[in-house]
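For reference, the structure is listed below as structure tokens.
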Amino acid sequence: MKPGPAPLPANVHKLHNNPSKKSDRDLRDDIKPDVVLPDPPEHLMPEAKAEWVRLGPEMIRLGLITQLDRAEFALYCQCWARWVQAELKLKDLQEAGLVESTPSGYRQIGVWLQISNRASEGMHKSAAEFGMTPSARTGFTGRLSPQMPLFPDANPQTGAEIPANPAARHFD
């Protein structure tokens, strides 16, 4: 493994307006699987399937999911469901769920809090892979960036070119 953050796919670079300033050649993906929401795996918990249905259309709209991403998206959804399950249990247990005593009398973090913490870590890692965290979305402007004008110095109403320096205008 190389040190540093994992390289991002070209579509994620483009969604973030190419902050690393990679060349068009470097941003060309040789493999472009079709954007499609795969069927959820049968083993997913009901809450995980609900998350799959809730987020799936947005993942398609942003072009962030393909058949190849089924396992990673399932992992995110299952972590979400486990986190929800643990948080509901902690809500029922209140403070008693935060710290437990072992048979030998030692105090330790509660099992449901451990489950919640581990599920949230897994959810966060998977969410970052899909650009679903605020830091992963830094610079994100959407799937399709607005088309840049052919002549950037042109007046949008008239199409006439506007000089970069207004004092340099020539009046004939």
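The values are calculated or read from the model by the stated rules, or taken from the named source; none is laboratory data. These numbers come from a predicted model, not from an experiment. Cβ atoms come from the backbone with ideal geometry, glycine included; neighbour counts cover every protein chain shown.
Against the list (1) surrounded by fewer than 16 Cβ atoms within 10 Å (Cβ to Cβ); (2) at pLDDT 95 or above; (3) within 16 Å of GLY131 (Cβ to Cβ), the condition VAL53 fails is (3). Annotation: of all residues in segment 40-50 being over 18 Å from MET132 (Cα atoms) and in contact (Cβ under 8 Å) with a residue 12 or more places away in the chain, the one that is surrounded by the most Cβ atoms within 10 Å (Cβ to Cβ) is PRO40.
Among LEU62, LEU98, which is the only one that is over 19 Å from MET123 (Cβ atoms) and among the hydrophobic types (A, V, I, L, M, F, W, C)? Exactly one residue qualifies, and that residue is LEU98. Can you tell me how many residues in segment 82-132 are within 28 Å of ALA6 (Cα to Cα) and not in a helix (DSSP H, G or I)? Total meeting the criteria: 3. Taking only pairs six or more apart or across chains, which ones have beta-carbon atoms under 7 Å, a first residue in segment 61-83 that is small (Gly, Ala, Ser), and a second residue that is part of a loop (DSSP other than H, G, I, E, B) and surrounded by fewer than 20 Cβ atoms within 10 Å (Cβ to Cβ)? Short answer, once both residue conditions are applied: GLY63/ARG143; ALA74/PRO40; ALA74/PRO41; ALA74/LEU44; ALA81/MET45.
Contact map, segment 98-118: first residue without any contact (Cβ under 8 Å) to a residue 40 or more places away in the chain and exposed (fewer than 11 other Cβ atoms within 10 Å of the Cβ), second residue β-branched (Val, Ile, Thr) and assigned to a strand (DSSP E or B), Cβ cut-off under 6 Å, separation 6 or more or different chains; pairs are ARG107/VAL99.
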